[in-house]
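Participant: Let me give you the structure first, and then I'll get to my questions.
The values are calculated or read from the model by the stated rules, or taken from the named source; none is laboratory data. Remember, predicted model here, so these are calculated numbers, not experimental data. Don't worry about glycine lacking a Cβ; one is built from the backbone with ideal geometry, like all the others, and counts go over all protein chains shown. Accessible surface is based on the protein model in full, side chains and every heavy atom, while ligands, DNA and RNA are left aside. Shrake-Rupley method; radii C 1.70, N 1.55, O 1.52, S 1.80 Å.
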Amino acid sequence: MAQLETKTKEKIEAKIHFPQGFLLGAASAAHQVEGDNINSDWWQAEQKGLVPKSGIAADHYHKFDEDFGIAEQIGLNAVRISIEWARIEPEEGRWDKDAIEHYKKVLKSMKDHGLTRMVTLWHWTLPRWLAEKGGFETKVGVEAFARYAWFVSQNLGKDIDLWLTLNEPEIYAGLSHQKGSHPPFKQNLLQTWMVIRNLIAAHKAAYKAIKRTLPNSKVGIAKNCSFYEPYRKNNFLDRTLAYLADSISNHYVLEKIQKQLDFIGINYYFHNKVKLNWRRGYEEMNKNFNKGQMQLSDQNSRSDMGWVLYPEGLHRLLRDLKKYKKPIYVTENGIADSVDNRRPKFLRDSLQAVSNAISDGANVRGYFYWALTDNYEWTEGFGPRFGLVEIDYATQTRKIRKSAEVMKEVQID
Ligand code: BGC
């Protein structure tokens, strides 16, 4: 009996506690789960063979109700989705009624399953007509985005609980305009900078547009944040570099838009130890990692993408965000783990990191694991498996992964 009591006690103590109202969710993005996005720049690049084909991806377009049912079943109380601009405005100024009706059903289904609805307006894909006009390279993109945000606020706004204007502005700019691996495949540093500036302006304009329709709406952004550390702890140059990397990549955009933010959303994946490299200037360990050379010893500490797993970085980042004095949501954090052997620990440790940040006074209101289901991982195609739910792409059947059970260990007081 005494043994049983200790066991039960242990179990209760093992639970991760969050305050009342905490959102425990999972995330997705329209193009990555819906595919079939024929009026977008990504679809066009896929047809040209420049990136892998997405097809119908996880067929979430038709299976959304089943997916939200699973989210409810595994113990989530919130989901983050994105809506597809290229579906809603397939031609400039032409708003597609069917697309709006579709997303109304999606939002209703989320509500019926008891899920708080966090919606991203733009997760990297552009309507083709806008891409042809240069996307966010110029102010044309800013104006178009504000108009789109206003239209959505008018037509879907009352069913959106939490808004995210943009997903990871600098990552988009970097991949699409500097590295050149995503459409429009440019490699131009000055343009990358202009795109970031225009995305900042786009966020501000969209914020204003949404507020005009819905003054009480809660509008934020999904900002990429990485944890930087000096490679050599006591080396002055490495420390300076780590400080600069943190200030620029984590805080520059947030500082610019802080007056137009009701909350901060952060996407956390990367732990980077930075060091001065006399020839190349600056080095980050994730960038220099070659997946093909993954060592046995790496297998517990890296995801299938080769990314270093470091949940403590989330704790530290959340603590640093206290200075903005805004509610914070972790809008993405996840691991590609096709055999599901690292995900349970990763999830527990990440949730614990969030809980520790709350104990340290960070106003964290929710955690969204990336992703609810497996999905199309951009240039990596369908290889990486991020989902709490496994997708068999041949049959489009869903299977809940064992790691999803960790979500039930969470107790919201
Ligand atoms: C993006 C997602 C992507 C995930 C994993 C995030 O940066 O927002 O679209 O799937 O990382 O790579």
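Participant: Go through region 385-413 and report how many residues are at pLDDT 95 or above, over 21 Å from the mean Cα position of the chain (by Cα) and of a type in the set (D, E, K, R).
Facilitator: 7
Participant: Could you tell me whether region 167-179 includes any residue that is out of contact with any helix residue (DSSP H, G or I) (no Cβ under 8 Å at 6 or more places or on another chain) and more than 16 Å from the ligand (Cβ to nearest atom)?
Facilitator: no
Participant: Looking at region 257-276, I want the residues that are closer than 18 Å to N363 by Cα and touching a residue at least 24 places away in the same chain (Cβ under 8 Å) and have a partner that is among the aliphatic types (A, V, I, L, M) and open to solvent by 50 Å² or more (accessible area, probe 1.4 Å) with Cβ atoms under 9 Å, at least 6 apart or on another chain. Which pairs are those?
Facilitator: Qualifying pairs under 9 Å: N267/I171.
Participant: Could you please find all residues in region 52-104 being of a type outside the set (V, I, T), more than 14 Å from N37 (Cβ to Cβ) and buried (at least 22 other Cβ atoms within 10 Å of the Cβ)?
Facilitator: Listed by number, the residues that qualify are F64, D67, F68, A71, L76, A78, R80.
Participant: Being over 17 Å from the mean Cα position of the chain (by Cα) and either within 14 Å of the ligand (Cβ to nearest atom) or closer than 20 Å to L372 by Cβ (or both) is the filter here, so list the residues in region 28-39 that pass it.
Facilitator: G35, D36, N37
Participant: I would also like to ask the following. Consider A394 against the criteria (1) farther than 20 Å from Q73 by Cα; (2) among the small types (G, A, S); (3) in contact (Cβ under 8 Å) with a residue 24 or more places away in the chain: it satisfies all of them except one. Which criterion is unmet?
Facilitator: Only one criterion is unmet by A394, namely (3).
Participant: Could you tell me which of the residues N167, N224 is touching an Asp or Glu at 6+ places or on another chain (Cβ under 8 Å) and under 29 Å from L321 (Cα atoms)?
Facilitator: So the residue among N167, N224 that is touching an Asp or Glu at 6+ places or on another chain (Cβ under 8 Å) and under 29 Å from L321 (Cα atoms) is N224.
Participant: I need a count of the residues in region 372-399 that are under 18 Å from K345 (Cβ atoms) and aliphatic (A, V, I, L, M).
Facilitator: 1
Participant: Continuing with this model, one more query. Looking at (1) of a type in the set (D, E, K, R); (2) in contact (Cβ under 8 Å) with a residue 24 or more places away in the chain; (3) under 26 Å from T138 (Cα atoms), find the lone condition where E229 falls short.
Facilitator: That leaves (3) as the condition not met.
Participant: Residue pairs, Cβ under 9 Å, 6 or more apart or interchain, first in region 55-67 and closer than 9 Å to Q396 by Cα and part of a helix (DSSP H, G or I), second among the hydrophobic types (A, V, I, L, M, F, W, C) and open to solvent by 30 Å² or more (accessible area, probe 1.4 Å). List them.
Facilitator: Qualifying pairs under 9 Å: none.
Participant: Would you be able to say whether some residue in region 368-389 is part of a strand (DSSP E or B) and away from the ligand (no atom under 16 Å from the Cβ)?
Facilitator: No, region 368-389 has no match at all.
Participant: From the set of residues in region 133-171 that are open to solvent by 10 Å² or more (accessible area, probe 1.4 Å) and of a type in the set (V, I, T), which is farthest from V195 (Cα to Cα)?
Facilitator: Looking at the filtered set, the residue picked out is I160.
Participant: Something else about it: Please work out which one of (1) at pLDDT 95 or above; (2) β-branched (V, I, T); (3) not in a loop (DSSP other than H, G, I, E, B) is the condition T6 fails and give its number.
Facilitator: Condition (1) is where T6 drops out.
Participant: OK, next. Only residues that are within 15 Å of the ligand (Cβ to nearest atom), open to solvent by less than 40 Å² (accessible area, probe 1.4 Å) and either part of a loop (DSSP other than H, G, I, E, B) or at pLDDT below 95 (or both): list them for region 331-367, please.
Facilitator: N333, G334, I335, A336, D337
Participant: A further question on this structure: Could you go through region 235-242 and let me know if any residue there is over 23 Å from E143 (Cα atoms) and of a type in the set (S, T, Y). Can you show your working first?
Facilitator: Kept after step one, since they are over 23 Å from E143 (Cα atoms), are these residues of region 235-242: 235-242.
Filter once more, keeping what is of a type in the set (S, T, Y): 240.
Within region 235-242, one or more residues are over 23 Å from E143 (Cα atoms) and of a type in the set (S, T, Y).
Participant: Residue by residue through region 179-195, note down the ones that are more than 22 Å from W43 (Cβ to Cβ) and open to solvent by 20 Å² or more (accessible area, probe 1.4 Å).
Facilitator: To start, the set of residues in region 179-195 that are more than 22 Å from W43 (Cβ to Cβ) comprises 187-194.
Q187, N188, L189, L190, Q191, W193, M194, listed by residue number.
Participant: Under 8 Å between Cβ atoms, at least 6 apart or on separate chains: pull out the pairs that start in region 400-413 with a residue that is open to solvent by 60 Å² or more (accessible area, probe 1.4 Å) and end on any residue that is among the basic types (K, R).
Facilitator: Going by the 8 Å Cβ cut-off, the qualifying pairs are Q411/K15.
Participant: Go through the residues of region 130-146 one by one and say whether even a single one is closer than 30 Å to K402 by Cβ, part of a helix (DSSP H, G or I) and in contact with a helix residue (DSSP H, G or I) (Cβ under 9 Å, 6 or more places away or on another chain).
Facilitator: Scanning region 130-146, I find no residue that is closer than 30 Å to K402 by Cβ, part of a helix (DSSP H, G or I) and in contact with a helix residue (DSSP H, G or I) (Cβ under 9 Å, 6 or more places away or on another chain), so the answer is no.
Participant: Exactly one condition in (1) part of a helix (DSSP H, G or I); (2) without any contact (Cβ under 8 Å) to a residue 24 or more places away in the chain is false for I210; which is it?
Facilitator: (2) is the only condition that I210 fails.
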